[in-house]
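Trainee: Just dropping this structure here.
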Amino acid sequence: WITQADYRSSWINRELTGVARFRLQVGADGRVRSCTITGSSGHAELDRATCDLVTRRARFDPARNPRGDRAPGSYSSAVAWQIPD
């Protein structure tokens, strides 16, 4: 969901790097409803970009409840922001 092309030149110039850990709340339609940073990269810009980009781009197969109906779910992961080569 996040590529090297998303790394802004101003972040490269300031050598901003770090790992942003996040948790998504996913609706029964598979779309992201909210994003929470659970572990900061150490840079507010990178944390904001992580949630902004993942919220816009991520799509999921909906979770299922015990009856097999679509249900809300959650997803946790991390993004390693590294200066592109």
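Trainee: What is the distance, in nm, between label points placed 7 Å from the Cα along the Cα-to-Cβ direction at Thr55 and at Asn13?
Mentor: So the two model labels end up 2.7 nm from each other.
Trainee: With everything on Cα atoms, drop me the angle between helix 44-57 and the longest principal axis of the chain, reported from 0 to 90° to the nearest 10.
Mentor: Between the helix axis and the principal axis of the chain, the angle is about 40 degrees.
Trainee: So what is the accessible area of the chain per residue, in Å², with the probe set to 1.4 Å?
Mentor: Accessible area per residue, the chain: 63 Å².
Trainee: With a point put 7 Å past each Cα toward its Cβ, work out how far Arg70 is from Ser40 in nm, to one decimal.
Mentor: For Arg70 paired with Ser40, the spin-label model returns 3.7 nm.
Trainee: Keeping the other protein chains in place, figure out the carbon and sulfur percent of the accessible area of the chain, with a 1.4 Å probe.
Mentor: Reported share for carbon and sulfur atoms: 44 percent.
Trainee: Per DSSP H run of at least 4 residues, take -39500 (n - 2.57); add these up for the chain, divide by its residues and hand me the 222 nm value, nearest 500 deg cm²/dmol.
Mentor: Dividing the helical sum by the residues of the chain leaves -6500 deg cm²/dmol.
Trainee: The list [x] 52, 22, 17; [y] 34, 26, 20; [z] 43, 25, 21 gives values of Cα extents along the principal axes in Å, and only one came from this structure; which label was calculated from it?
Mentor: Given [x] 52, 22, 17; [y] 34, 26, 20; [z] 43, 25, 21, the structure-derived one carries the label [x].
The values are calculated or read from the model by the stated rules, or taken from the named source; none is laboratory data. Given the structure is predicted, the values throughout are model-derived calculations rather than measurements. As a convention, Cβ positions derive from the backbone with ideal geometry for all residues, glycine included, and neighbour counts pool all protein chains shown. Note: accessible area is taken over every heavy atom of the protein model, side chains too, but ligands, DNA and RNA are not part of it. Shrake-Rupley method; radii C 1.70, N 1.55, O 1.52, S 1.80 Å.
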